[in-house]
Amino acid sequence: MITRSLTHWGIYDFHTRDGELIDVTPTPDDPDPSLLGRNLLRGNTALRVRQPAVRKSFLNHESNHQAGRGSDEFVDASWDVVLELIANELIRVSDSHGNQAIYGGSYGWASAGRFHHAQSQLHRFLNTVGGYTASANAYSFAAAEVILPHVIGHYEELLKAPSSWPTIISRCELMVCFGGMPLRNSQITNGGMGQHVQAGYMESARQAGIGFVNVSPMREDVGEFLNADWLAVRPGTDVALMLGIAYILVTNNWHDQIFLNTYCVGFDKFLPYLLGEGEEIPKTPAWASAITGLDEAQITTLARRMARSKTMISLSWSLSRHQHGEQPYWMGITLAAMLGQIGLPGTGIGLGYAVENKVGKNVAPKYLGHLPQGANPIRQFIPVARITEMLESPGSAFSYNGHALRYPEIKLIYWSGGNPFHHHQDLNRLKIAWQKPDTIICHELVWNALAQHSDIVLPVASFLERNDIGGAVNEDVLVAMKQVLPAFAGSRTDYDIFSGIAERLGQQDAFTEGRSEMDWVAHLYDSTRAASNELPAFEDFWDQGEHHFRPPPPHTLFAGFRSDPAGNSLQTPSGKIHLFSDTIAAIGLRGHASWYEPQEWLGSVNTGRHPFHLISHQPAGRLHSQLDQGEFSQAQKVKGLEPLSMNTDDALRRQLQDGDTVRVYNERGSLLAGLRTTPDLLPGVLHIATGAWWNPDSLGMCRNGNPNAVTLDIGTSDIAQGPSALTCLVNVEKYNPDP
Ligand SMILES: Nc1nc2c(c(=O)[nH]1)N[C@H]1C(S)=C(S)[C@@H](COP(=O)(O)OP(=O)(O)OC[C@H]3O[C@@H](n4cnc5c(=O)[nH]c(N)nc54)[C@H](O)[C@@H]3O)O[C@H]1N2
Ligand SMILES: Nc1nc2c(c(=O)[nH]1)N[C@H]1C(S)=C(S)[C@@H](COP(=O)(O)OP(=O)(O)OC[C@H]3O[C@@H](n4cnc5c(=O)[nH]c(N)nc54)[C@H](O)[C@@H]3O)O[C@H]1N2
Ligand SMILES: [Mo]
């Protein structure tokens, strides 16, 4: 039997026999299907959670039972027992500590599907029982989410729907890609997608004669077929490069003063910093060269090309995951404003072309129904990546976006649809902080590190085991996600699990509104249809299986603002682009885009002990930590370990060879990886994908190669408090198991 459904990485036909999945094939109309679908085929069932399980020492109320998280035995329990246990725990914590003691931030991607969206299910449930401490922003681009409203008034469009590729193809001459545009990342869109379009767009751009510049420590970050010039910048120093370019623009009078006067405020306050008036150092190409490691000539040539061409600046989301990750976006906008091409087709600035399939895709904005989460009576929240600090230091103060806040004391953590023991930084530190709460509950598909570190583990049905509608707002397809397989072993959907707990708390009607799964699916579809003029009735849609939305005319970001800056003013204090912000200045940082030296980088004094900068990037063979045991993900491993790229000369100097097992370490921890040598990586930089399952030995060494064994867990700055995973120095040695 063949059933079609949707994943974060495309639409596939799922072939089953006797209730087993036997093949996964992409739909014929996908021009560039992703092999990630193959990961569903092998190696995953063995790891599935089969029955509800409770950690033994938790169940037995042993004192200091929390210390056993990650090592204790689990015992199977019936659904009745665990649902009752959870209901009682929620009442106990709520009564004795208040609902802010429940952490429901629960960050994570889970699976495609508008109704069964795991995080919405959890939030809706917790809101019916008094609320929870929430998390703000995403690991992906927290720094951008918080800085951009101060600069351009909003962030959604610039991050997710910048000027569409057809405008670039028709008019742009030069595309400068900070952090590249790796096609491995456009295999996916959060929520799911139909056709993979990025490779096709890029090929059309090549044929149109557009020049590409790849500003990245890794040459492969822009596809070889685009013949990009490679500027191998030191990680974390893009702002210095952009300042060097800006300096040349101003000193040659190549900047667009009319654009700056008409559409921006604050350039006059940025200029003394740039030119080095008073106590400031002039941001000359020589200054930028010393920081970035690029030649002065490279910087000057790029500045001249940008000034003379119709230029698009693309800034990948990775730039946000460095300390001071707010600054590259502010500086990128400052630079684009100086070039004066914002709001014209195919030029200006866009964040993250190709980081997901959706970014730059030509699709109409639309409303898609989603599960209402209800209102959270608890006002307390944390910036998403400050979880360890919250657990370590309840009551302590921190600042976020101009607000003075305090961390709540968390007694219960409830996670559904994410894996903090893959995605968070400095996992050895998280593991210790994780011992503080009384109770940790998760819904998981698999026995990963999150499940291992929980007290109550509930087996959840996968997206193949339920009915839903799926699609993403910035994509062009809505899919009937029909159930492909029966529920696995004793698993239940997130919805059924929460309904069961809600029932025990007397809140079943509030949570379910009396709707079954299919009632909800039809309900969410109907709300989608009410906002659309092209969708058929639900029954017809369900029969047809998918709907492809009509493409709009090519979209130019800020076109309205450019043509009428007063009529289409931005939601900033002045209505214009803020190259200076009083709010940011009040936070204690400079009120304009600036270079700040990060805590760990290749120019720091620490490089003696830890001479390499570790870049952890998105994996080509999977989505984060999901399905790492699948066949496509495993095919990329080196002796079963996550590959680590190192420059060939660095390897020679250290007498390391391609294929060696190496140990990457710093004072925070260590990990094993399989060495890949390449001339295409800046010397001094190491490149490793995220998502290998964290599997620490007793000394905190991850035996599978999860980079978060060694990453730095600090906020980007007091502006966004985002993750700084990519600000990370390490050393590396050949692994010798018996020293
Ligand atoms: N060092 C470093 N760390 C990083 C990054 C980096 O660049 N460097 N990148 C960061 C970024 S951008 C992100 S987005 C995060 C990603 O981090 P996550 O989103 O946490 O990663 P996933 O592996 O997608 O985790 C999803 C989990 O949900 C489970 N799941 C799937 N479907 C369902 C469902 O229907 N219900 C339930 N209950 N569970 C389900 C899966 O089994 C899996 O364990 O990682 C971040 N971490
Ligand atoms: N296949 C696949 N695709 C994915 C994901 C996945 O798990 N699998 N995850 C998705 C998610 S959640 C997100 S948020 C996006 C993330 O999209 P991005 O954040 O753009 O992706 P990364 O792969 O982390 O980084 C892209 C490149 O940036 C470069 N880079 C790192 N630091 C610097 C720097 O300081 N300066 C410069 N110039 N370059 C730097 C690295 O060489 C890296 O290869 O990807 C999405 N796409
Ligand atoms: Mo992300």
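Read the figures in this text as sums done on the coordinates, not as results from a lab. As the structure is a prediction and not an experimental result, all values here were calculated from the model. Here the Cβ positions follow ideal geometry from the backbone for every residue, glycine too, while neighbour counts run over all protein chains shown.
Here are the numbers:
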item	result
Modelled FRET efficiency - R0 35 Å, residue 364 with residue 308, Cβ distances, 0.05 increments	0.50
Options 258, 330, 215, ranked by Cα towards positive dipole end of the chain, top entry (Cβ charges)	258
Extreme residue, positive dipole direction of the chain, given options 364, 594, 522 (C-beta unit charges)	594
In nm, spacing of pseudo-spin labels at residue 523 and residue 432 (7 Å Cα→C-beta vector)	4.7
CD proxy at 222 nm, helix term only [per DSSP H run n ≥ 4: -39500 (n - 2.57); per residue of the chain; nearest 500]	-8000 deg cm²/dmol
For region 169-288: span of alpha carbons on each principal axis (Å, largest first)	54, 33, 32
Cut-off under 5 Å, modelled amide H: who pairs with residue 382 long-range	134, 135, 136
Extended-chain gain in nm, criterion 0.36 nm per residue less alpha-carbon gap, residue 227 and residue 290	20.0 nm
Full-stretch length increase - residue 67, residue 531 - with 0.36 nm per residue and alpha-carbon distance subtracted	161.9 nm
For region 605-734, size of Cβ-based charge dipole, Lys and Arg +1, Asp and Glu -1, in debye	220
Percent of beta bridges antiparallel (DSSP, region 605-734, rounded to nearest 5)	60
Amide N of region 467-493 lying under 15 Å from the label point, which is placed 7 angstrom from the Cα of residue 503 along Cα→Cβ	492-493
Segments 44-53, 542-551 sorted - mean Cβ within 10 Å per residue, highest first	44-53, 542-551
Residue list for region 408-430, given a label point 7 angstrom along the Cα-to-Cβ vector of residue 379 and an amide N cut-off under 17 Å	408-409
Three-way shape label, region 112-220, alpha-carbon gyration tensor, a/c 1.5	prolate
Nearest-20 debye value, the chain charge dipole, Cβ charges on Lys, Arg, Asp, Glu	880
Gyration tensor (alpha-carbon) shape descriptor, region 221-273, a/c threshold 1.5	prolate
Relative contact order [Cα under 8 Å, 6+ residues apart], the chain, whole percent	21
Hz values of 3J(HN,Hα) by residue in region 131-148 - Karplus curve (6.51, -1.76, 1.60), Gly and Pro given as x	x, 6, 6, 9, 10, 10, 6, 10, 4, 4, 7, 3, 4, 5, 4, 8, 6, 4
Farthest toward positive dipole pole in the chain [+1 Lys/Arg, -1 Asp/Glu at C-beta], among 615, 270, 41	270
Label point at residue 251 placed 7 Å out along Cα→Cβ; residues across region 302-335 whose backbone nitrogen lies under 17 Å	302-307
³J(HN,Hα) computed for each position of region 618-628 - Karplus, 6.51 cos²θ - 1.76 cosθ + 1.60, integer Hz, glycine/proline x	6, x, 6, x, 6, 9, 6, 9, 6, 6, 4
Long pairs among 358/734; 310/361; 310/358; 56/431; 358/431; 361/637, criterion Cα-Cα beyond 29 Å	358/734; 358/431; 361/637
Hits among aspartates and glutamates - C-alpha to C-alpha of residue 436 under 12 Å, sequence gap 8 or more where chains match	389, 392, 409
Relative contact order [Cα under 8 Å, 6+ residues apart], region 605-734, whole percent	33
R0 of 30 Å, Cβ-Cβ distance residue 648-residue 703: FRET efficiency to nearest 0.05	0.70
Share, in percent, of DSSP beta bridges within the chain that are antiparallel, nearest 5	50
Sparse-neighbour loop sites [GluC sites (Glu not before Pro); region 55-113; at most 15 other C-beta within 10 Å; DSSP]	62, 73
Interchain or long-range residues, amide H under 5 Å from residue 466's placed H	484, 485
Antiparallel DSSP beta bridges within region 643-704, as percent of all bridges there, nearest 5	60
Cα-based Kirkwood hydrodynamic radius, the chain, one decimal, Å	26.6
Computed lengthening from residue 403 to residue 597, 0.36 nm per intervening residue step minus Cα-Cα distance	67.4 nm
Derived scalar couplings ³J(HN,Hα) [region 91-105; Karplus, 6.51 cos²θ - 1.76 cosθ + 1.60; whole Hz; x for Gly, Pro]	5, 4, 5, 5, 5, 8, 10, x, 6, 5, 7, 9, 8, x, x
